[in-house]
Amino acid sequence: MAAGNDNVRPRQVTGRMVLACLIAFFAVVGGANAILVRAAVSTFGGVETASSYQAGLSYAREADAAQAQDALRWQVKASVHPSAATTRVEIDARDAEGHALSGLEAIARLERPTDRRADRTIALQEDGSGHFRGTTAPVAGQWDLVIELARGGERVFRSRNRVVVN
């Protein structure tokens with residue numbers, strides 16, 4: 001013999017139930033979209049290039065500067081030394097014959113590949129015979145190390161390298 005409620009009727013689907021489910025579905029989708037849009041807008045660091053036209057005009061100048069830099073055949077080596085208190089950047093610059101380059105102004109930048117708001121500029125001081133060093137607040141993660149060497153206010157060397165700082 002079967003036990004239980006054989007007389008229980010299944011719940012009827014009414015127009016009001018369908019409307020309530022439809023409204024609830026779109027409310028959940030709309031709420032999720034609102035949260036994701038807010039997260040995307042609040043974490044966007046800005047445009048890559050403020051003016052595409054100006055970037056196009058400067059392209060030829062950058063290409064000429066790269067050719068002039070390659071002709072120098074300079075050997076520039078950089079290292080990043082993290083610690084709990086600071087991050088130290090050191091650069092050793094030599095000419096094509098291996099002689100130390102001195103009398104240059106040196107700047108290093110640690111740029112976040114994903115967020116320009118975290119970029120840091122480091123003024124480097126020459127401490128003798130083509131060796132430059134500077135410090136910044138502690139950093140960790142992936143960075144682009146941009147090195148610029150200038151003489152008389154004119155940039156003569158620029159490099160960009162991806163570094164991982166632990």
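The values are calculated or read from the model by the stated rules, or taken from the named source; none is laboratory data. Small disclaimer: the values here were computed from a predicted structure and weren't measured. For neighbour counting, all protein chains shown are included, and Cβ atoms are generated from backbone atoms with ideal geometry for every residue, glycine included.
So here's what we get for this one:
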item	result
Single match in ARG38, ARG61 (criterion: among the basic types (Lys, Arg), loosely packed, with under 10 Cβ neighbours inside 10 Å and more than 16 Å from VAL139 (Cβ to Cβ))	ARG61
Only listed residue being of a type in the set (Val, Ile, Thr), part of a strand (DSSP E or B) and modelled with pLDDT of 95 or more, chosen from VAL89, VAL18	VAL89
Residues satisfying the stated conditions in the range 69-93, i.e. β-branched (Val, Ile, Thr) and either loosely packed, with under 12 Cβ neighbours inside 10 Å or closer than 12 Å to GLY134 by Cα (or both)	VAL80, THR86, THR87, VAL89, ILE91
Output for the range 63-92, where each listed residue is out of contact with any strand residue (DSSP E or B) (no Cβ under 9 Å at 6 or more places or on another chain) and over 22 Å from ILE122 (Cβ atoms)	ALA63, ASP64, GLN67, ASP70, ALA71, ARG73
Subset of the range 116-130 (residues that are under 16 Å from the mean Cα position of the chain (by Cα) and not in a strand (DSSP E or B))	ARG116, ARG117, ALA118, ASP119
Filter pass, ASP115 being out of contact with any helix residue (DSSP H, G or I) (no Cβ under 8 Å at 6 or more places or on another chain) and free of Cβ contacts under 8 Å to residues at least 60 places away in the same chain	no
Some residue of the range 14-21 being loosely packed, with under 10 Cβ neighbours inside 10 Å, over 26 Å from the mean Cα position of the chain (by Cα) and not polar (S, T, N, Q)	yes
Selection status of LEU104, at pLDDT 95 or above and not basic (Lys, Arg)	no
Candidate set from the range 131-165 (those that are in a loop (DSSP other than H, G, I, E, B) and farther than 22 Å from PRO82 by Cα); member that is farthest from the chain's Cα centre (by Cα)	GLY152
Residues located in the range 116-138, provided they are hydrophobic (A, V, I, L, M, F, W, C) and buried (at least 17 other Cβ atoms within 10 Å of the Cβ)	ILE122, LEU124, PHE132
Given (1) assigned to a loop (DSSP other than H, G, I, E, B); (2) surrounded by 11 or more Cβ atoms within 10 Å (Cβ to Cβ); (3) hydrophobic (A, V, I, L, M, F, W, C), index of the condition ALA96 fails	(2)
PRO113, sole failed condition from (1) closer than 30 Å to ARG151 by Cα; (2) over 19 Å from the mean Cα position of the chain (by Cα); (3) surrounded by 10 or more Cβ atoms within 10 Å (Cβ to Cβ)	(2)
Any hit, the range 122-130, residues being more than 24 Å from ASP70 (Cβ to Cβ), touching a residue at least 60 places away in the same chain (Cβ under 8 Å) and not hydroxyl-bearing (Ser, Thr, Tyr)	no
Only listed residue being modelled with pLDDT under 95 and either charged (D, E, K, R) or under 30 Å from PHE44 (Cα atoms) (or both), chosen from ARG109, ARG116	ARG116
